[in-house]
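Enquirer: Below you'll find the structure I mean.
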Amino acid sequence: MITATATHAARSFAAILKAVERGKTVVITRDGLPVERLRPEPRTSADRLKAALRDKPLGDTLRALRDEKRG
């Protein structure tokens, strides 16, 4: 978990969003008290599939699945 002051969060919003995208939770504080908690959205199977297809060309993925099935 990451803690950031409201001022720091305002100045570094892009970096904070990147941290949340990487799975971190960020607590925003004001005057030392927590006021907001940013958490990553839950990932679905469809999100994982999209990421896998984005990282690897579809032809390679299909060939790998075919080869795996053949044993």
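Throughout, read-outs are computed from the coordinates displayed, never taken from laboratory work. Fair warning: this is a prediction, and the values are worked out from it, not measured in the lab. No Cβ is skipped: glycine too gets one built from the backbone with ideal geometry, and neighbour counts run over all protein chains shown.
Enquirer: Being at negative phi and either among the acidic types (Asp, Glu) or surrounded by fewer than 10 Cβ atoms within 10 Å (Cβ to Cβ) (or both): is that true of Asp31 here?
Expert: Taking the combined requirement at face value, the residue does not satisfy it.
Enquirer: With the structure loaded, tell me whether Glu21 is surrounded by 11 or more Cβ atoms within 10 Å (Cβ to Cβ) and acidic (Asp, Glu) or whether it fails that test. Lay out the reasoning, then the answer.
Expert: Values: surrounded by 11 or more Cβ atoms within 10 Å (Cβ to Cβ): no; acidic (Asp, Glu): yes.
For Glu21, the condition - surrounded by 11 or more Cβ atoms within 10 Å (Cβ to Cβ) and acidic (Asp, Glu) - is not met.
Enquirer: Looking only at the stretch 34-49, how many residues end up being surrounded by 11 or more Cβ atoms within 10 Å (Cβ to Cβ) and acidic (Asp, Glu)?
Expert: Here the count works out to 2.
Enquirer: Quickly run through the stretch 19-31 and pick out the residues that are more than 11 Å from Ala6 (Cβ to Cβ) and free of Cβ contacts under 8 Å to residues at least 24 places away in the same chain.
Expert: Correct list: Ala19, Val20, Glu21, Arg22, Gly23, Lys24.
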